[in-house]
Amino acid sequence: MVGKPLDKIRIVLVGVGAANVATYRLLIAYGVEPKAIIACDTGGILHRSRSDIERQQAQFADKWRICLESNGDNRRGASELAFKDADACIAFSRPEPDVIRPGWIRTMARDPIVFACAKPAPEIWPDAARSAGARIVATGRSDFPNQLNNSLVFPGLFRGVLDVRARTISNNMAIAAAEELVAFARRRGLSADQLLPLMTDWTAAAGVAAAAGAAAVTEGLGAQSIETRATRAAGARCHWPKPRRGGSADRGWPHCPAAVMLPCGFQWASAGFGAAWSISGRPWIHSRSIGARGPRVGATD
């Protein structure tokens, strides 16, 4: 869509809390070069000379690992310096619309991608991001195009886990779920304002269940095999309750049992939609392990 191949893309992560730590992990698992990623926290750009993080590396092991692995240019300084020539920005930071400034986006590469995922207010308003040159913009809110919401993932993901009696949820299972969301969006009609299924496209959950279950079986994590993906998707649709009628918040979505919904209070996928989006035909994803505690509101560290 924007002609940014995975092996050449440069990414800025704004905020290095639980959400973007997981984003970093899964981007690397999917094939993004660590040195092509620059992460920023409240102290500025992460690099191997960040002594404040090094002193706390036992407490922030993942953050220190990002310092050591990423930022191949060894950039240092304020967060705005990370944006120069970047192709994409993924922000899970403070819910304040001035966390990311329009001027920073103007320094990015051509046709930049901006995912401002803080809620209730994104790090930059979508119209401000587009006015500054962003080609694709997504937020966590339903009143803007491209809502990134964990509800796109967890009903189907847990359905797939339960169907094949999976012992855990792996990176490959998360990637499979993201790829299925992209495939669903493509079938519906992919565009700059339609990157993912809508929250009302609840049938996408059956495909996510099938994809996650298949990945679990392939990795040997599932104790129960199912013949084909089509059979698995059909089975998920058969077991999936019909959408509710009359409820405003739940309209268009199936009624999920409490045993499935409650663990999601920990936000398995943080903004855990498994943020799936397509760059030159390949999706990116975001997820977080079950039980991981999410960052407090406003946390960037």
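Nothing in this text is a laboratory measurement; each read-out follows from the coordinates by a stated rule. None of the values given here were measured: they were computed from a predicted structure. Cβ sites come from the backbone with ideal geometry, for glycine too, and all protein chains shown count toward neighbours.
Structure data summary
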read-out	value
Unsatisfied cross-links (Cα-Cα over 22 Å) in the set Lys8/Lys84; Lys4/Lys63; Lys8/Lys35; Lys4/Lys35	Lys4/Lys63
Order of Glu33, Glu123 under a 10 Å beta carbon neighbour criterion, fewest first	Glu33, Glu123
Sequence of Glu96, Glu180, Glu69 once ranked by neighbouring C-beta atoms within 10 Å, starting from the fewest	Glu96, Glu69, Glu180
Sorted by Cβ density within 10 Å, fewest first, the residues Asp7, Asp163	Asp7, Asp163
Given charges at beta-carbon only (K, R positive; D, E negative), |dipole| of region 80-204 in Debye	220 debye
Estimated inter-spin distance, Asp85 and Gln194, nm [label 7 Å along Cα→Cβ]	3.7 nm
